[in-house]
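Taking it in order: structure first as structure tokens, then the write-up.
FYI, it's all coordinate maths here, none of it is from the lab. Everything quoted here is computed from the prediction, not taken from an experiment. Cβ: placed from backbone, ideal geometry, glycine included. Neighbour counts: every protein chain shown.
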Amino acid sequence: MENKCAALERWSGNPPTTAAEEAWLRDQIELVRSLLADEEPSYAAVAPAGAPIVFLDVDDVLCLSNPYGSRDARDAVMGTYVNPERLYRELFHAAAVAVLHQMHFLLDGHVRYVISSTWRELLTRAQLRHVLREAGMGFVADGIEDLARWATPVLARPNRRLEIGQWLERHHRGEPFVVIDDVWSGALLLSGHADPVRIVLCKQAIGLLPGHLSELVPALRTPKGDLESW
């Protein structure tokens, strides 16, 4: 941990020369320490119980990895990235973010998010919420489920359909839900008995599009009590 904080001091370029610079650097070091310790900031819950659920992938949905991807985000959280402001500004595809924000607005801001992306293996809940806030996606950060339910299980052999299925078996209470994924990692979602109405797949290197709203919004307004063919 101390090495990470030392890296932040190196990132700052030169030692602080004024009281304001020294205070800023102390704040940044404290932020890195809290995120490394996975100390969860106290955000008030926005979406009530019973609100619709979005299982959210990140790569090729919101992040096109051009020019930045998940490992860059992790480096920024750790305080080892040279220009985190630029990274956060360009991490997510603006057009895709706008579509997700529109979906959120059409549902009156009552949306709960569960992270199904591999980002859940690189970042803790606190770290991911920090990244989302810094990148202008506070509405998602506020809606991420609590510590017991914030992400789908990580299986020894990754299988997006089984991971989401296990989460639903443990936590679903009849709420509407939808899965937003990409065509590559979501390939298994349409196999078996998965309900295609609940699945929205994005093309690689393109991400979420305005046309997806016509699938997302109706699904998130329709309860799903029976999980036998989710």
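Overall size of the stretch 134-192 from C-alpha positions, given as principal axis extents largest first: 35, 27, 25 Å.
Applying the criteria of a DSSP loop state and at most 15 other Cβ atoms within 10 Å to the chymotrypsin sites (Phe, Trp or Tyr not before Pro) of the stretch 115-164 yields no site. Compactness check for the stretch 61-127: Cα Rg over 2.2 N^0.38 Å is 1.21. Separation of the stretch 106-135 and the stretch 80-98, taken as the distance between their Cα centroids, equals 15 angstrom. Of the GluC sites (Glu not before Pro) in the stretch 124-230, the ones in a loop by DSSP (not H, G, I, E or B) with at most 15 other beta carbons within 10 Å are Glu228. Annotation note: trypsin sites (Lys or Arg not before Pro) in the stretch 113-178 located in DSSP loop regions with a Cβ neighbour count of at most 11 within 10 Å are Arg173.
Backbone geometry of the stretch 78-95 corresponds, through the Karplus equation with coefficients 6.51, -1.76 and 1.60 at θ = phi - 60°, to 3J(HN,Hα) couplings of 6, x, 10, 9, 5, 10, x, 4, 5, 4, 5, 5, 10, 5, 10, 6, 4, 5 Hz, x marking Gly and Pro.
The Rg/Rh ratio of the stretch 103-157, with Rg taken over Cα atoms and Rh as the Kirkwood radius over Cα pairs, comes to 0.99.
Distance from the C-alpha centroid of the stretch 45-72 to that of the stretch 162-220: 12 Å, rounded to the whole angstrom.
Using the alpha carbons alone, the radius of gyration of the stretch 53-220 stands to its Kirkwood radius in an Rg to Rh ratio of 0.94.
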